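The values are calculated or read from the model by the stated rules, or taken from the named source; none is laboratory data. Everything quoted here is computed from the prediction, not taken from an experiment. Positions of Cβ are generated from backbone atoms using ideal geometry, with glycine treated the same way; all protein chains shown enter the neighbour counts. Surface areas here come from the heavy atoms of the whole protein model, side chains and all, with no ligands, DNA or RNA. Shrake-Rupley method; radii C 1.70, N 1.55, O 1.52, S 1.80 Å.
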Amino acid sequence: MKATIVREYGGVDAFEVADVAKPEIKAGEVLVRVAATSVNTVDMMIREMGEGLPFSPKTPAILGMDFAGTIEAVGSDVSGFAVGDEVYGCAGGLGDLQGTLAEYMPADAKLIAHKPKNLSMRESAAIPLAGITAYEGLVRANTASGQKVLVHGGSGGVGHLALQIAKHMGADVYATGRAGEQATLMEKLGATAIDFTSESVEDYVAKHTQGAGFEVVYDSVGGENLLNSMNAAALNGHIATTVSLLELDLSTAHFKGLSLHVVFMLIPMIHNFKREEHGQILAEIAKIAEAGALIPVVDPNTFDLSQAGDAHAHLASGKAIGKVVIDVA
């Protein structure tokens with residue numbers, strides 16, 4: 001089969017197309033003919049840092065995590081899937097798990113679900129990693145109908161899905177971003193847009209919550225922005241974050257009685273820990289999409305297997321709109 005491989009980790013020119021052996025599946029796996037895969041920030045981190053990350057595959061490596069495609073074969077001990085099923089998931093590109101930048105990939109059946117019937121392969125491939133991250137954080141933060149929910153980075157890969165899922169859960173959703181294109185997108189997806197460059201946390205908390213704060217804050221920006229999340233949260237509120245690699249004074253969280261939930265969605269793949277939960281979440285997300293309540297934003301630029309480096313460069317440029325997708329089939 002054709003695959004895009006990395007022989008030595010490094011820049012965007014590290015990718016090359018090669019003929020490699022078609023994978024064989026083991027018990028509990030399905031063989032997927034990959035139609036499309038999307039690029040995540042962690043994919044770029046692995047390509048750049050390589051062995052500097054404990055979960056990077058050994059070279060020569062096939063990278064890529066998210067995919068949508070069609071099942072070509074089903075291994076023993078697999079139920080619920082059949083040859084010809086259209087599926088999606090985040091199931092490769094880490095450790096010894098073959099990635100998605102290939103015509104075929106073996107996938108643990110616990111990590112996949114039937115793709116949304118109303119979405120294309122490209123759209124479906126844009127969802128898994130970001131969608132699972134968004135869903136998990138909102139659930140762990142006890143998001144419920146009638147709550148005021150704030151999503152930091154509401155136009156980003158995780159954020160734009162989180163605000164839609166929160167809206168589907170019945171929440172009154174607000175999202176931070178910049179005025180212009182970002183604000184237009186967030187409003188289109190159902191959130192009240194907040195321009196963080198012109199409004200202080202105190203200003204928008206007073207404006208939208210009468211000073212009480214938001215019951216749930218989903219922080220897809222993280223880092224120092226966690227301080228803003230604490231200041232924006234209501235008493236006994238919940239914060240879910242995807243980026244917490246820093247030292248931080250938790251005094252505000254203490255005096256407000258806040259709960260902090262850190263989402264690192266790669267744990268099931270890295271440690272083979274409760275992988276079935278990812279399949280279950282993807283099945284729920286498919287239902288939300290099929291109900292018309294979730295639409296992934298896909299960058300209009302198209303790339304194929306020979307242009308994986310260009311796709312990484314486009315995402316790194318900061319000019320991408322939504323998820324960058326690579327067409328495989």
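Taking every DSSP bridge with both residues inside the chain, close to 55 percent are antiparallel. For the stretch 73-115, a crude dipole built from +1 on the beta carbon of Lys and Arg and -1 on the beta carbon of Asp and Glu, taken about the Cα centre, is about 100 debye to the nearest 20. Normalised per residue, the accessible area of the chain is 42 Å², obtained with a 1.4 Å probe and no contribution from ligands, DNA or RNA.
If exposed trypsin sites (Lys or Arg not before Pro) are those in a DSSP loop with at most 16 other Cβ within 10 Å, what is the longest stretch of the chain that has none? Longest gap between qualifying sites, sites excluded: 179-273. Listed by chain and number, the lysines whose C-alpha is less than 19 Å from the C-alpha of residue 256, apart from same-chain residues fewer than 8 away, are 148.
Using only Cα atoms, locate the centre of the stretch 39-85 and the centre of the stretch 249-278, then give the distance between them in Å, rounded to an integer. The stretch 39-85 and the stretch 249-278 have Cα centres separated by 23 Å. Please identify every one of the GluC sites (Glu not before Pro) in the stretch 1-62 that sits in a loop by DSSP and has no more than 16 other beta carbons within 10 Å of its own beta carbon. Here the sparse-neighbourhood loop sites are 8, 24. Taking all protein chains as shown and a probe of 1.4 angstrom, residue 13 keeps an accessible surface of around 130 Å². For the stretch 107-179, relative contact order (Cα pairs under 8 Å, six or more residues apart, normalised by length) works out to 29 percent.
Among the protein heavy atoms of the chain, carbon and sulfur supply 51% of the accessible surface, probe 1.4 Å, non-protein parts ignored. Ranking 297, 98, 64 by Cα position along the charge dipole of the chain, where only Lys, Arg, Asp and Glu carry charges on their C-beta atoms, puts 297 farthest toward the positive end.
Would you compute, from DSSP H runs of 4+ residues alone, the mean residue ellipticity of the chain at 222 nm, taking -39500 (n - 2.57) per run and dividing by the full residue count, rounded to the nearest 500?
-8500 deg cm²/dmol
Overall, the stretch 129-262 carries a charge dipole of about 360 debye about its Cα centre when +1 sits on the Cβ of Lys and Arg and -1 on the Cβ of Asp and Glu, all other atoms neutral.
For the stretch 246-329, the relative contact order is 22 percent, taking Cα pairs closer than 8 Å that sit 6 or more residues apart in sequence and dividing their mean separation by the residue count. Over 28 Å between Cα atoms, which of 22/319; 2/323; 115/207 qualify? From 22/319; 2/323; 115/207, over 28 Å: 22/319; 115/207. Rounded to the nearest 20, the size of the Cβ-charge dipole of the chain about its Cα centre is 520 debye, with Lys and Arg at +1 and Asp and Glu at -1.
Among the chymotrypsin sites (Phe, Trp or Tyr not before Pro) within the stretch 229-329, those in coil by DSSP and having at most 13 neighbouring Cβ atoms inside 10 Å are 264, 273.
Measuring nothing but how far apart in sequence close Cα pairs (under 8 Å, 6+ apart) lie, relative to its length, the stretch 129-262 scores a relative contact order of 23 percent. With a ≥ b ≥ c the root eigenvalues of the C-alpha gyration tensor of the stretch 129-262, is it rounded (a/c under 1.5), prolate (a/b larger than b/c) or oblate? Cα axes put the stretch 129-262 in the rounded bin. Between the Cα long axis of helix 276-290 and the first principal axis of the chain there is an angle of about 70°, rounded to the nearest 10.
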